[in-house]
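For reference, the structure discussed in these notes is given below.
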Amino acid sequence: MLVLSRRVGEEIVIDGRIRLVVLAVHAGVARLGVKAPPCVTVDREEVHVRRGTALLRKGREEDQSRNPPNIPQPERRLERRFTEFEAQLTKNVTSLIYRRFGTLPNRLSAVTDLELDAVERELGAPLPQSYRAFLRSFGSQSSPEHELFGLPRDRLWGDIVLMNHLDSTRPPHYVKFTEDGEGRSYYFDTTKMDEGECPVIVRDRAGDEREVACSFLHFLTLAVLNAAECVVKT
């Protein structure tokens, strides 16, 4: 590196065209002049400005390294949306169960995802998302006039796996989840699963059947409204 000695008149020539000249020296500070052809652009930058800019840039880089921008990845966005959907679904199911049966979720009765997966393996069929939300919050539901099968902790009767194994007339892809005590049983038709939900089918003793709800959530809504014989004791 070539350094000026800060003598007035001292000159440095760069590339034969640019001349850097010491014009004056005052209190140890040299004042420089630059001679260059018009085609050469010469910019002036104060030292304190350059140092400040460098420190600011360094600070930003260090801050970004410690706190990288919070840009959600597609997988995280999908996971968050699914979690929000599950939370809302659980809220809806809980509200309907309370309005129909007057009960609230019980942590001691709640079913885990591992247990739900085991139930699906035993049944050989998937469970609707809204019904899974019901089981996660309540485990099962029983009342004098109606019972929703699940995984009750205090008894075997009402266990969804047992109740389906005892139903010898059940088509393999049907999952029975309740009955009305008058010869009608209600099933999920898992062959028509769409976005985690499937229709509810009612079958009588003669084997006649029909669709009565488009989903378990719809089934509960009808029960609350007391508007369908498939869910209300008449």
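The values are calculated or read from the model by the stated rules, or taken from the named source; none is laboratory data. Owing to the predicted nature of the structure, the values given are computational and were not obtained by experimental measurement. Every residue, glycine among them, receives a Cβ derived from its backbone with ideal geometry; neighbour counts consider all protein chains shown.
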Considering only residues that are in contact with a Lys or Arg (Cβ under 9 Å, 6 or more places away or on another chain) and surrounded by fewer than 20 Cβ atoms within 10 Å (Cβ to Cβ), which ones fall in the range 145-155? 145, 146
So in the range 189-215, with the set limited to residues that are among the small types (Gly, Ala, Ser) and more than 19 Å from residue 172 (Cβ to Cβ), which one is nearest to the chain's Cα centre (by Cα)? 196
Could you check the range 183-201 and list, in sequence order, the residues that are among the charged types (D, E, K, R), over 21 Å from residue 86 (Cα atoms) and touching a residue at least 40 places away in the same chain (Cβ under 8 Å)? 184
Could you check how many residues of the range 101-134 are under 19 Å from residue 220 (Cβ atoms), modelled with pLDDT of 70 or more and assigned to a helix (DSSP H, G or I)? 7
Which residues, taken from the range 120-135, are surrounded by fewer than 22 Cβ atoms within 10 Å (Cβ to Cβ) and closer than 16 Å to residue 152 by Cβ? 122
Considering only the range 104-114, state which residues are surrounded by fewer than 15 Cβ atoms within 10 Å (Cβ to Cβ) and not basic (Lys, Arg). 104, 106, 108, 112, 113, 114
